[in-house]
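Contents: one structure, followed by commentary.
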Amino acid sequence: MNHTTPREQGFHFPAEFEPHVATWLSWPHKEASWPGKILTIYPAYSAFVRILTLSEHVHINVRDQVMQQEAAGHLTKGGVDLSKVTFHHFPTNDAWCRDHGPAFLVNRKNHRKAIVDWGYNAWGGKYPPFDLDDVIPTHVGKELNLPVFHPGIVMEGGSVEFNGKGTLLTTTSCLLNPNRNPHLTQSQIEKYLLDYYGVEQALWLGDGIVGDDTDGHIDDLTRFVNENTVVTVVEENKNDENYSPLLENLNQLRELRLANGQALNIIELPMPSPVIYEGQRLPASYANFYFSNRHVIVPTFRDRNDHRALQIMQKACPDREVVGIDSLDIIWGLGSFHCLSQQEPAL
């Protein structure tokens, strides 16, 4: 049995802005994630799938034929070409495929792909059960006949961000939270990151945004748009509770250096006004965008900063068309388009 790590075998996790063969999703069906609102999310979700299918294939995990037909109905209504969609009867507990889905690695020397199946515990055991979600990467590996690595620790896709050139960004607030891997130190966790994602360095930021039930995922905070440029959210209202942590995050980013020794090129992205629903502040952030092959799909919130955020993203990503999709209902589930999706890279 081969006990070498993915990194030792020449595998790495590509950047999201590199070419994809597909995007993987898990159909939203858990009413407790969108209490009283789940039916309202399908138009925006279908719009997301429709944009994806304009430039890549989409794989969707569903429970069974009944859920497949229900999903197909919503997608057809949303103008999706179902010939670009493949359904897989892999039952899930929830829809957040970024966190429970397969982490695809590539080895460009021997033109092979592999999957990492990290442990998954629904953000520190917050939303049981999560047993079905936890095994999704292995199901996908079997379906695609790919080798699957099992590091044996908890890790979520939304907690890590990559530039494709040896650098990974993450946050201490999430990865060092005792509800994930309390038996591991920061340096031990970092070794797992390097070994299983095939990167040269992990750069650590601090806290995430207010309202984020993941304990501070990077994908609501700071994202790579090319190998040396990040967009990072900032709060312009000094009285907002996000103002100080986001300013601190910006200052930390200015101090960081990439694997090649370069400083980061930093683009500031505004935050929307607080989105409150039933007394709860939701983790609304323009940073939860998703790269498809031809588009950057950005959540919008019927907010005065929507247009400015889209303009900033278009300038930052000149090789793609930036598309805003209303996420006001989807964000009630405490995530948006990046949280819902996981890319399968091209070789």
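Readers should treat all values here as calculations from the given coordinates under stated rules, not as data from a laboratory. Here the structure is a predicted model, which means the values were calculated and not measured. Don't worry about glycine lacking a Cβ; one is built from the backbone with ideal geometry, like all the others, and counts go over all protein chains shown.
When the Cα gyration tensor is reduced to axis lengths a ≥ b ≥ c, the ratio a/c is 1.5 or higher for the stretch 149-240, and with a/b not above b/c it is classed as oblate.
Hey, what number do you get for the chain at 222 nm if only DSSP H runs of n ≥ 4 count, each worth -39500 (n - 2.57), divided across all residues, to the nearest 500? The partial results should precede the final answer.
Details: 11 runs with 94 residues, N = 347.
Theoretical 222 nm ellipticity from helices: -7500 deg cm²/dmol.
Given their separation in residues at 0.36 nm each and the Cα-Cα distance between them, residue 255 and residue 88 gain 55.7 nm when the chain is fully extended.
For the charge dipole of the stretch 20-345, defined by +1 on Lys and Arg C-beta atoms and -1 on Asp and Glu C-beta atoms about the Cα centroid, which residue among 129, 93, 201 has the Cα displaced farthest towards the positive pole? With unit charges placed on the Cβ atoms, the residue in question is 201.
Mean separation of Cα pairs under 8 Å and 6 or more residues apart, divided by the residue count, gives the stretch 13-144 a relative contact order of 25 percent.
Cα gyration tensor of the chain, axes a ≥ b ≥ c as square roots of the eigenvalues: rounded (a/c below 1.5), prolate (a/b > b/c) or oblate? Walk me through the intermediate numbers first.
Details: a/c = 1.31, a/b = 1.00, b/c = 1.30.
The shape class here is rounded.
Would you mind calculating the gained length between residue 131 and residue 40 on full extension (0.36 nm times residue separation, minus the Cα-Cα distance), in nm to one decimal?
Numbers: separation 91, 0.36 × 91 = 32.76 nm, distance 2.67 nm.
Working it through step by step, the gained length comes to 30.1 nm.
In this rough spin-label picture, where each label sits 7 Å from Cα along the Cβ direction, the residue 3-residue 239 distance is 6.1 nm.
For the pair residue 145 and residue 311, label points projected 7 Å from Cα toward Cβ lie 5.2 nm apart.
For 312, 276, the sequence from fewest to most other C-beta atoms within 10 Å is 276, 312. Other residues whose C-beta falls under 15 angstrom from the C-beta of residue 251 contribute a net charge of -3, scoring Lys and Arg +1 and Asp and Glu -1.
The magnitude of the dipole of the stretch 162-300, with charges of +1 and -1 set on the Cβ of Lys/Arg and Asp/Glu and taken from the Cα centre, is near 420 debye.
Near the amide H of residue 88, within less than 5 Å, lie the amide hydrogens of 60, 61, 62, all on another chain or at least 5 residues away, with H placed in the peptide plane. The value of relative contact order for the stretch 20-345, using C-alpha pairs under 8 Å at least six residues apart, is 19 percent. Toward the positive end of the charge dipole of the stretch 20-345, with +1 on the Cβ of Lys and Arg and -1 on the Cβ of Asp and Glu, the farthest Cα among 181, 287, 271 is that of 287.
Between residue 226 and residue 70, the modelled label-to-label distance comes to 4.4 nm, taking each label 7 Å out from Cα in the direction of the beta carbon. Overall form of the stretch 211-335: oblate. Here a/c, set by the Cα gyration tensor axes a ≥ b ≥ c, is 1.5 or more, and a/b is not larger than b/c. Derived scalar couplings between HN and Hα for the stretch 239-248 equal 8, 7, 5, 7, 4, 5, x, 6, 5, 4 Hz in order, rounded to whole Hz, by the Karplus curve 6.51 cos²θ - 1.76 cosθ + 1.60 (θ = phi - 60°), x for Gly and Pro.
Antiparallel beta bridges, as assigned by DSSP with both residues in the chain, represent about 40 percent of the total such bridges. Percent antiparallel among DSSP beta bridges with both residues in the stretch 193-325, to the nearest 5? Here the share of antiparallel DSSP bridges comes out near 45 percent.
The listed peptides 123-130, 178-185, ordered by packing as a protection proxy, come out as 123-130, 178-185 (highest mean of other Cβ atoms within 10 Å first).
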